[in-house]
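A short write-up of the structure that comes next.
The values are calculated or read from the model by the stated rules, or taken from the named source; none is laboratory data. Being a predicted model, the structure only gives us computed values, none of them experimental. Because the Cβ atoms are built from the backbone with ideal geometry, glycine has one as well, and the counts that use them run over all protein chains shown.
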Amino acid sequence: MTQPSGDIRRAGFGWNAGCEPLVAVTRGGVVESVHRGVVAVADVRGRLLGSTGDPDLPIHLRSAAKPFQALALVALGGAREMGFTDEELAVVCGSHAGEERHVRVVAGLLDRLGLSVSDLVCGPDPPASRAARDRLVQRGETPSPLHNGCSGKHAGMLALALFLGAPTAGYERPSHPVQREIAAVVGRALGGEIRGLFSGIDRCGVPVLRVSVRQAATLYARLAAAADPSLARIRDAMVAQPELVAGPGLFDTRVMEAAPGAVLAKMGAEGVQGLALLPAAPPRSEAVGCCVKVEDGSQRAIPMVAATLLRAWGEATAAAAAEEGARIVTSGRGAHVGDRVPLVGESALRREQPEAGGGGFVGGRGVSWPAPAPPLPDGLRLSGGDREARAVARFLRSEWPRADEELLGRAYDWHSDMVVIAAKNGRRTAGALRGHLLGGVGTVQELLVAEAWRGRGVGSILLAAFEERARSNRCHKVVLRTPLGSQAEGFYRERGYRREYTLLGHHFRHDFLGMAKYL
């Protein structure tokens, strides 16, 4: 098997850097797995109302994009002129379970448009509903494209092709007028034209929308607010027909039915979930949008994160429906053997004050980042060099306590103790360690053993001496950096150090690994 390319390997490490732990899975009281990811909560202007991880991380929206892929059909007037019902529009926006009702609505829409199942390029798929699969087997039938959870979306795209007077053949291609209109309309919903909105092909064969987690949350906030008549039409159809958005007992339908007219939910493959919280009573007097992306693509973390978010915004009933059957881990006989525990708190997902700025949605002027540096206020100038060293030292001593109170909840003594340890052979140095102790953390800055003395335990002795020094100074851990993939990593791992983070393109553009050992 070939090794992944350097670009893919780097992208993987960079992705990790933007993700935070979302849900832990325990068994016997011990953590067995952790799902990491990103959550962004935004208002219609793209201001963050809560988040964990990097909200500006780009993701593939997958099926969570369906309401906005359908937006072109509605915004251009096609849904109105073609007489789309709420049922038809909801199934176009949904990922249905292949139940008889779902198949009937899609088949009826195709027939009304003068089209057939053979016009769908999504391909056949077994129904997501186990009951529907069993019924097919009992009748001796095989799945058709109508059973594919994306058949509604594809029927909507075919309808848009007819409305535009474009060929229905090839509607799935990025260059087709259908896909170009979808890109243009979604771009406008985000405030302006966005390049590179399509990135890859979805499992059903159409282009995938790629936006940041914050932008996705902004789209869902605008959907919740019915920011224009087209979004209002889509929102109202989905809220009125939750069973057609997913299916009986499935997450999206379950949550929407638990909070009728208050919550809209739409999942996407590979651990994506969109939520639109419609304006209601406090603490939610305005529309709120949310997007979750689980790094490893697992859906099992979604219910616990969504329940935390819904509780934070006053939707306790919907939260209970979200986590129904998802909180506990059971054995084959149904015994409670573990738990799924949310690691992100409600306070992180509902801030008292929104983050300033649009961060990806800027009025009607489009996406614009990074923001230019503001000019200096009148009377200020920049100055540096050795002559400022004393003034800066006085300033830091004076101001840091107040900053600590604001950032950490109390002021700390940040005095740093420098540590130098040498292993001597007569007057010659066989090895040396330099580091410092600060804020309860010992940091190894340099550890080097002379070539003639390597492999004889000198490095271990120096490291142990530093750890003892850190322990005696009430440090709770020791940290260090070493080149990624080097032999040094194995040396430190054998002595109890574990990976904490990766720094790409760091010193002299080499990749480095951060490691830590708790004392």
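Listing for the model above:
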{"quantity": "Filter result for the condition that a residue is in contact (Cβ under 8 Å) with a residue 60 or more places away in the chain, under 28 Å from the mean Cα position of the chain (by Cα), assigned by TED's automatic domain parsing to the domain that holds Tyr220 and surrounded by fewer than 24 Cβ atoms within 10 Å (Cβ to Cβ), over Leu61, Leu71, Leu48, Leu76", "calculated": "Leu48"}
{"quantity": "Residue ID - farthest from Ala422 (Cα to Cα), chosen from residues in the range 469-489 that are out of contact with any Leu (no Cβ under 9 Å at 6 or more places or on another chain) and part of a helix (DSSP H, G or I)", "calculated": "Gln487"}
{"quantity": "Count of the range 141-169 residues which are under 17 Å from Arg80 (Cβ atoms) and surrounded by fewer than 19 Cβ atoms within 10 Å (Cβ to Cβ)", "calculated": "3"}
{"quantity": "Matching residues, the range 102-120, being surrounded by 16 or more Cβ atoms within 10 Å (Cβ to Cβ) and within 22 Å of Ala131 (Cα to Cα)", "calculated": "His102, Val103, Val105, Val106, Ala107"}
{"quantity": "Condition met for Gly98 (crowded, with 24+ Cβ neighbours inside 10 Å and at positive phi)", "calculated": "yes"}
{"quantity": "Out of Ala464, Ala488, sole residue that is out of contact with any Gly (no Cβ under 8 Å at 6 or more places or on another chain) and farther than 16 Å from His436 by Cα", "calculated": "Ala488"}
{"quantity": "Failed item, numbered, when Gly359 is tested on (1) modelled with pLDDT under 95; (2) farther than 21 Å from Arg214 by Cβ; (3) surrounded by 13 or more Cβ atoms within 10 Å (Cβ to Cβ); (4) not hydroxyl-bearing (Ser, Thr, Tyr)", "calculated": "(2)"}
{"quantity": "When residues of the range 314-340 are limited to those that are touching a residue at least 40 places away in the same chain (Cβ under 8 Å) and not aliphatic (A, V, I, L, M), the one farthest from Val213 (Cα to Cα)", "calculated": "Gly338"}
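Yes or no, residue by residue, for (1) farther than 30 Å from Arg456 by Cβ; (2) touching a helix residue (DSSP H, G or I) at 6+ places or on another chain (Cβ under 9 Å); (3) in the same structural domain as Phe466 (by TED's automatic domain parsing); (4) assigned to a loop (DSSP other than H, G, I, E, B):
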residue	(1), (2), (3), (4)
Arg397	yes, no, no, no
Trp400	yes, no, no, no
Asp404	yes, no, no, no
Leu407	yes, no, no, no
Ala411	yes, yes, no, yes
Ile421	no, yes, yes, no
Lys424	no, no, yes, no
Gly431	no, yes, yes, no
Gly435	no, yes, yes, no
